[in-house]
């Protein structure tokens, strides 16, 4: 079987990591198939595979464009592809082969404020609805996202497989003191710190975290609050709120950081805080756990499914409660030790090799006759 991957968004820091880890794992696990990697003009070297039977080509067709609806089917036809996997939600409406699509979440339907353009939301719904209808199988990251896909898109639950992603090997404790010192100097971090990573969006609840941090300080906590990720217009708003709450010098906004710095920031944190109100999956929780950091988390949406019993949960809509949780985990050494022990066990549920094996099974289901329903894969222990 010749399998094509649409990897044109490989440069995106979120979806790109999923694409890279999945494709590298699938190709290294199974060499009986041929693979076609459809890459963007920039980023053609992002996938590190040396196996035979792997072909790369670049496409300059923009995402969400008319051109992709013409160019991608032509590529699939020309290269005699048997199956297309789109690890993002978009599919060509007309294809010469069956398709599998990964839908990580339906955030723009569940949280329309994340996509202010009404036209954009209409297009998003139409293309996502088409994907769940036209794809032979749908992969998603969590049972929560599966329920949301069914609820928002009316998808057939029988064709949706939940496959937990793994945690990239780059996320592990960083132990070099000189590297930690350099990163602290770069971002003017002068104390122990609480870390949160995530682009500025209303559902990420950055403002709620600042209010919870204010409660943490009122209880006697002594820390900086470090927020990593693109803030855009949020930077001004968060600095303004920090001034109102009386701790402007303790808020450190790093902006975008690469994986090397991110690993150091995780590893150096006293704890990781996730106050998010909506996540299709909780990658950052697992990344923090993999770097040896205890986690205080919201119990909203998919987060308890991902963190299991390895996080300390608090209501992110109640700053006093969330702040109390931050203080408790920050100061209670026995609780921290217990959470870290549970984190090590929890991480075993998330493995890229297992995800690749389950994904290959989905490919075989997808190529089989669509007239007969196939059993679900379930989660391996």
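General remarks:
- Some residue of region 273-282 being in contact with a strand residue (DSSP E or B) (Cβ under 8 Å, 6 or more places away or on another chain), modelled with pLDDT under 95 and surrounded by fewer than 18 Cβ atoms within 10 Å (Cβ to Cβ): no
- Members of region 11-35 found to be under 16 Å from residue 84 (Cα atoms) and crowded, with 22+ Cβ neighbours inside 10 Å, listed by number: 19, 22, 23, 26, 27, 35
- Selection of region 125-161 for residues being in contact with a strand residue (DSSP E or B) (Cβ under 6 Å, 6 or more places away or on another chain) and closer than 12 Å to residue 90 by Cα yields 131, 132, 135, 138.
- Residue satisfying condition, being in contact (Cβ under 8 Å) with a residue 24 or more places away in the chain and farther than 20 Å from residue 161 by Cα, within set 328, 357, 349, 317: 317
For every residue, the table says whether it meets (1) farther than 23 Å from residue 355 by Cα; (2) under 20 Å from the mean Cα position of the chain (by Cα); (3) touching a residue at least 60 places away in the same chain (Cβ under 8 Å); (4) not assigned by TED's automatic domain parsing to the domain that holds residue 21.
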{"position": "83", "(1), (2), (3), (4)": "no, no, yes, no"}
{"position": "94", "(1), (2), (3), (4)": "yes, no, no, no"}
{"position": "106", "(1), (2), (3), (4)": "no, yes, yes, no"}
{"position": "119", "(1), (2), (3), (4)": "yes, no, no, no"}
{"position": "133", "(1), (2), (3), (4)": "yes, no, no, no"}
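- Of the helices (runs of 4 or more DSSP H) lying entirely inside region 159-271, those carrying at least 1 residues that are modelled with pLDDT under 95, within 25 Å of residue 286 (Cβ to Cβ) and in contact with a helix residue (DSSP H, G or I) (Cβ under 7 Å, 6 or more places away or on another chain) are 234-245.
- When region 106-124 is filtered for residues that are in contact with a helix residue (DSSP H, G or I) (Cβ under 9 Å, 6 or more places away or on another chain), farther than 13 Å from residue 90 by Cα and in a helix (DSSP H, G or I), the ones remaining, listed by number, are 107, 108, 109, 110, 112, 113, 114, 118, 120, 121.
- Selection count where residues are closer than 11 Å to residue 103 by Cβ, out of contact with any helix residue (DSSP H, G or I) (no Cβ under 8 Å at 6 or more places or on another chain) and part of a helix (DSSP H, G or I), scope region 128-158: 2
- When region 1-36 is limited to residues that are out of contact with any helix residue (DSSP H, G or I) (no Cβ under 9 Å at 6 or more places or on another chain) and not in a helix (DSSP H, G or I), the one that is nearest to residue 229 (Cα to Cα) turns out to be 11.
- Looking across region 37-46 at every residue that is in contact with a helix residue (DSSP H, G or I) (Cβ under 8 Å, 6 or more places away or on another chain) and closer than 23 Å to residue 77 by Cβ, the one that is surrounded by the fewest Cβ atoms within 10 Å (Cβ to Cβ) is identified as 37.
The values are calculated or read from the model by the stated rules, or taken from the named source; none is laboratory data. Keep in mind the model is a prediction, meaning the values are calculated, not measured. Glycine also receives a Cβ, built like all others from the backbone with ideal geometry; neighbour counts cover every protein chain displayed.
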